[in-house]
Each structure stands twice: as structure tokens, then as C-alpha cells.
């Protein structure tokens, strides 16, 4: 068994560990760091529940080896809300629009939405559907999820016009975890 | 809303944010796989690779000798008889020497090890000698003389038969101007809940086994665990975690018995998480049905007779199949009044996945058939499909084929009119297309009716405790919030009754030591049954607080009310399938679907959907819409893509890549229409909504495909291949 010493910047903090070649990023985040907001729905890239933001892109963490993530910057759902527990506009919009039912797809869906809005701040409903098409939801029929992402885009645009406070999140801000 | 229903405050019918939304959007909600304990072991199960085999021997010695393995056990280590099952015990969590395995995925042996890797390695060291037996795979062949038996004590592989006779079937056909016949077929399908089955068990300081799990009914889990492991139910404490979807699947036992068994045998905490493939292999499915419908109608479009044969594939074990078949019989004529009906129904074993509860519970299959029949009748009579349905739909005063006369809370016609009116506004008119070219547009509609509650003589009840202080309250109830939002409904009902802000009502953890049993989160019953319990308990504590006035208790001593609400009594079938009241209520719905068919490839793309559903009264409008939208899309998957095919008993789609759940790109824009025809007995007039949202979809899609390309597809899923074949292109 080959072991790899890795260091990954997770939610703004460097986390070092020694991992096996087989360990996936999903397992590293859940089992080692206990970031259980990252959900395991299939572990083979089909459901999207384990989506995290990896060097700025939405990635299914079950399809990345932990060793491959050495030196990478990873943002999980746990790193999305502000230091005082203030929710990200996407999180707020998911709550208000009823985009959450069982909640199991929610963290991955929100991370996919964040990567989308970072790259395309004003997507159409069709573009939102394309972006989340790798994230399965069995409860909602997706309508309210698409609406929540639309609402979040509008709100982020108006917040940015004010002071840009949501732009810096996920880009090096240090958030502490137990 | 009529005045007989209590007028509360603006919380009822509101768009209040679900009370668990914050923990779910922040990733803090804990599902069972998110739990860890020091010294915890990892459980795994070895499953049968054979659809039908006798166990000649099981050798666990090598597995037990592997470093890191703490226990390796099989059915021989269980107490006798060690069986479980929802309707009656016929399933063993693990195989015994000399016993049988009956489907691919049947549990054989289990291990607990210090690491997942050791557990995995141990499974590979278990030596099982199988005598492979002939596979029972076809429902009709299963009943022929000399067919191999799945269960030796069930002749002809028949688990259950039901019959219904209403009116005079001969006279009904004699009075018909038109008779149409058809056979309809539906597939085995998987719930594909996003959260694979998981749990954690440990022995508490008091020696009891503690089980943390995601389920639909903790009390029934405990009964089955106790029975299988031969321990008193009181020795099991079950705590419900966040639940990642259920849809009926979590009514059956998955990890529960194995986890308790391993925790008792090892004395250590044990965690067990299914992989996706294990989840698909081992979990229950929806019953495949073969249905023959012979239907008579007058020239004016009045139904005169329906002769129905229902054949349901039970798979390997009984689960809830008796009740599923009885539900299919109760709802065999769908949302319509038919004066003369005969139904013959059989539930047959094969060596396939176990079938059990799945959103709709035996109503989806006959409803698909009935709606195809109605669309074909309209076509044959040259009648507007809306008008044909209008002339036959169940109304207050209608006599159902079970002999029940409907007394009220019947929202069939309201749903039909609401759906078609909204569709008209959007320019959607059923059955008037026949476009040509590359994109053939079609519009179809269908209705549906689903009973609420356990029905047919069960004492359907729920307990609830409300503890209140002047400024806050706690609701204690053993009802599982599987994602549908029931905890938010309890908080809304309690807060509105006690005139508190929603945030001042909390829901106690669903812990069997703390909460009273509230029955299963199934049968679209929780809002109705448990909702009534919470409403009554809330009214009682409100009255007590009022009586105390300024002497209201301080924070240490709440006023408490405990209520067990019993839903209106229902009655079982007599020998003719007749009963004065099979169910205490019904939910109705109507959906209009616009889609396009590519006539060269057979691909179907659904464009727009209007889904109108009578929910009695929406307690939470956002959540009701969410049920409608989600139920519609789940049923679109059932209609067009989802299939769990078996070849000689071997499953061929055990990943989410092979099993085609709709994605956001497959989902149309769904327009939910909430119809509120108050129920006579529901809390504040509310009924249920979960299941009925799936019912109209396959029939509406079938009608729309016919509208687009002129062919009827009588078998689900309506795949491109089936469409092209019907069009004569394959």
C-alpha cells in the first residue's frame, strides 16, 4: 500500500494528512476531516451529492483521489456561510424558495450553483438546468431549485453593487472547524 | 373555506420556511452515515449472487481469522425462527444452512470489522456452497403446474388473491355501445432515494441496544427487530436521524436488524452503510403489474362496465404485497364511477427483488391502465377527453365499485376543471394536435385518485404530546419527516393554535424513548392522522393555559397534553370486495402534459406540465407545491425512462448511470395548481398529497404521445424503442 503525504486547503485552512492511493477526496473530506456536509450518494460520479468546489470548479469529490488533490483549494458546504454563521445568498434562496426537501442533494447542489454563479453571474433558467444536470434530486422536480439559483443570482448582483462582500468567500478566508 | 373549520391565523396555508431548512443548506443535518463513535466497527453483508439457491454450507472460519474482524455471522447464529416482514414474517436477514436464498441480493452472512477494508476483505473469505435452483422469473409460468416454488408453503407461487364484484357485469356490457379491451404492463422500478440505507447501533449503559437510523416508522422497525432477534421491543431504542428521501422504501427493514444483531454480538458500536449498488440490489421496489381491462361505455360516454384482471409480481418475499394488491383492487377503476365492475387480482412470487411500498402503493399501475382506457374511449367515440372524464369522474354522492358512497371531500371535478382551465390559459389543449415534421407536439391529460391512510379495517392512529409554556412549545411525535416537511406541518399547526411565532415551537428528536408512536410516514397519512393528533393536543394545552391565566407555569413546568387520535373507522372487504368504507378519505388530481416526440428516434421531451391536486387544505403552500412538482417528475421517470430489468432473475441496472432517474434537463417547467376541497375529517380540512401527485402522469404522457404520433403505448416505460415499434419503424 502506497502512502502519500498531502496538504489541501479546505475551506481556507491547510489540512495535512497521510493517505492511501485508493482514498478518494470524498472519503478524505468525510472520514478524515469529518466534513459530513459532503454527501455520499453513489461514490461513482452519477448523483452529484458529493460536489465540492475544487480550484474554482464544481467537481464530484468521489471521482478525485485525495492524493490528486494535494496542493488544491477545496470549498465544501461547511465553508460557504460567513464567519458569524451568516448564510450565503444561495443558501438563503434555497431556504426561501422551498428548494430543500430531504436535503441530501442540497449541499452538492448549492456548491454546483456557486461555481455556476461565480462563472456566469446571470444565467438563464436553461443554463441553470445544464449546470445542475449532474446533480440528481429525487424530491423536488428541480423547479424550485432552478428558481432559488435565479433568485440568488439577482441578490448577489445587488450585493456586489453595494460592497462586494460575497465575492471574497471561498478565496482564502480562514474558517475554523472543530 | 367553510366556517365549520377552525379559522386559525395566517400560518396555515403560508409559505413558511421549513424548520429544518437551515441545517440542510449548511450541511449540518446529520444523516445516519454522518455519525461516528469511538471504537466503532464497520458492518457489511455478503449477498446472494444467485436468484434461487439452497445453502449447503457456510464457512466463516477464514473470515473470522482475518485480523481486524470482530464478528462473522450467518443465519445459523440467529435465534429461531429469526424472521421478519411487514405483513407477516417470511424473510430472514441472513441465510441458514439448509435454507434458501430467493433473489440476487438476499442476505447470506454478515461481518463486523475495525476498518471498512477489513470488512470488505472478510466478505471475500466467506465460503458458501450453493445448490443452484431453477429460477422463477415469469409471473404466468410461476403459476403453472410443476413450476418451481419460491416458497414451498405457497402453492402455485401465489401469495394472495382478491376478488371484487359490483353491480351486474353482464348487464353492464349488454348496455354498452362500445367495448374496448387492452393489456397494460408496468415495470419493476427503484425509489432511487438519494441517501443510501445506513445506520449506527451500540449498546447503551443500561444494556439496551440503541439504533440510529433513517426510516419511515420506528415503532414498526422495533417490532420487527424484536421478533427477528427474539428480544423484548423495550430493549431497543430507536432514534431517527435526518432522512434522505423515502418514498415507501424505508418502510421495509434494511440495515436495522443486522446492525442490532452485530452490536449485541460484539458489544461495540457498529456502523453499516449500503453502497449504491447494494442499495439497489437489496431494497424493495415497486410491483410490476400485468393488467387486462375490458371496458364498456355508451355512445354518450358513460362507463357501463369494467372487467379487470390484475397480476402483481411480488418478487421473493411478501413485505406489504397483500395490502398493495388490495389497494390496487380498491382503486382499480381510478378516479371514475363505474356501475358494474369485476376484479380478479393475484400477487405472485418470482425470484425477483422484493416489492413493497412505493409512493402510490398499488394505485399507480391500475390508474395508468384506466387513464389509457379513458383516452382510447374518447378517441373511439370522437369525444373531448376532458368531457368524457367530466361525465364519469367520482363526485360527492358517487358510488365507488367497492360499494362506498362518497360523502364529501371529493375534489375530482375541481382538479379536472382547475387543470384544464390553467392549461387553457397556457394554450394547452388536450388531444387536438397531430402536427407533422421533425418535432411532433402532443398534449394529453389524465386524472387520478388515491386513498389516504392505511384503509380496509386498520385502526389508523397517531399519538402526539404537546408541552407548552406561555411563550413556547415542544411537539413530541414519532412521525418521520422523510423530507416531505411533516415536522414543519406540526410546528405550523401547534404555533397557529397556541398563537405563537413559528420559531417558538420546536419538534423533539424522534427518539422512541421520548415520543409516542405516530405510525408510518406512508399512505399520504401523516398530515391527516398525526396532524389531527397535534391539533387536538395543541387545542388542549391552549385551553389549559387559558384556564391557568396569570398562574401559567414557569419555565420548569410546562402544561402537557397527550392525545392519541384515531382516524375514522374503515372496514375490510367482504367476500365480494365490497365495503361501506374502505378508506376515510381520498385525494384527487389532474395533469395536462405537453411534449414533443421525435418521429425518427422515438425520443420524448416533455415541455410543459400543469398539475392540479386537491389537497383538502394546504398547511404549507410551498411544501405542497414541492410535493406536486417532485411527485410529477418521479412519475415522469416511471413513464418514460425508469426500469430495473431482470434477466433470469439477475438485475441489469444497479447503478444510477444505468437506472435512469430524471435530471434537471429532463424536467419540464411544472405549473402546480393547488385545489382545496376541504376534507370532512382532516385537520383544518387537510388531506394528504404525497402519493396522488404521481398518479395522472403515465396516462397523461401516454395520451400526449398518442396526440403527437398517433400510437398508444400500453407498457411502461414508454421508451423510444417501444414508440418506434408501435409506429412500425422497428
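Since every read-out is calculated from the coordinates, none of them should be taken as a lab result. None of these values were measured; they are calculated from a predicted model. No Cβ is skipped: glycine too gets one built from the backbone with ideal geometry, and neighbour counts run over all protein chains shown.
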message: Highest mean first, how do B:411-420, B:377-386, B:361-370, A:67-76 rank when packing is the count of other Cβ atoms within 10 Å averaged over residues?
response: B:361-370, B:411-420, A:67-76, B:377-386
Per-residue Cβ neighbour rank within 10 angstrom, fewest leading, A:39, B:100, B:233, B:729: B:729, B:233, B:100, A:39
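What is the extension gain from residue B:231 to residue B:97, computed as 0.36 nm multiplied by their sequence separation minus the C-alpha to C-alpha distance, in nm to one decimal?
46.0 nm
For chain B, what does the equivalent ellipsoid look like in terms of its semi-axes, each the square root of 5 times an eigenvalue of the Cα gyration tensor, given largest first in whole Å? Intermediate results must be reported in sequence, preceding the final value.
Details: eigenvalues 317, 242, 106 Å².
Rounded to whole Å, the semi-axes are 40, 35, 23.
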- prompt: Most exposed first by the Cβ proxy, i.e. fewest other Cβ within 10 Å, how do B:287, B:151 rank?
  reply: B:151, B:287
- prompt: Counting only other chains, what is the mean number of Cβ atoms within 10 angstrom of the Cβ of each residue in peptide B:661-673?
  reply: 6
- line: Relative contact order of region A:89-162 (C-alpha contacts under 8 Å, at least 6 apart) in percent is 49
query: Please state the relative contact order of chain B as a whole percent: Cα pairs under 8 Å, 6+ residues apart?
result: 16
query: Residue separation times 0.36 nm, minus the C-alpha to C-alpha distance between residue B:185 and residue B:54: what's the value?
result: 44.0 nm
query: If each of residue B:171 and residue A:154 carries a label point 7 Å out from its Cα toward its Cβ, how far apart are those two points in nm?
result: 6.1
- prompt: So what does log10 I(q)/I(0) come out to for region A:89-162 at q = 0.12, 0.19, 0.20 Å⁻¹, using the Debye formula with one equal point on every Cα and no solvent?
  reply: -0.26, -0.66, -0.74
task: Using only Cα atoms, tell me the angle between helix A:106-119 and the longest principal axis of chain A; keep it within 0 to 90° and round to the nearest 10.
output: 70
- prompt: Using a basic spin-label model with each label point 7 Å from the Cα along Cα→Cβ, how many nm lie between residue B:61 and residue A:22?
  reply: 2.7
message: Give me log10 I(q)/I(0) at q = 0.14 Å⁻¹ for region A:3-79, Debye formula, one equal scatterer per alpha-carbon, no solvent.
response: -0.35
query: Length gain on complete extension for the stretch residue B:76 to residue B:502, per 0.36 nm per residue less the alpha carbon to alpha carbon distance?
result: 148.1 nm
task: Please say if the protein assembly as shown is rounded, prolate or oblate, where rounded means a/c under 1.5 for a ≥ b ≥ c the square roots of the C-alpha gyration tensor eigenvalues, and otherwise the choice is prolate for a/b larger than b/c and oblate otherwise?
output: rounded
query: How crowded by other chains is B:627-633, given as the mean number of beta carbons from other chains within 10 Å of each beta carbon?
result: 5
message: Just want the ordering: B:217, B:490, from fewest to most Cβ atoms lying within 10 Å of their own Cβ.
response: B:217, B:490
task: Would you mind checking the tilt of helix A:143-162 against the longest principal axis of the Cα atoms of chain A, expressed as 0 to 90 degrees and rounded to 10?
output: 90
- prompt: Once the Cβ-Cβ distance between residue B:601 and residue B:432 is put in as r, and R0 is 30 Å, what FRET efficiency do you end up with, to the nearest 0.05?
  reply: 0.80
Where labels lie 7 Å past Cα in the beta-carbon direction, separation of residue A:161 and residue B:23 in nm: 3.8
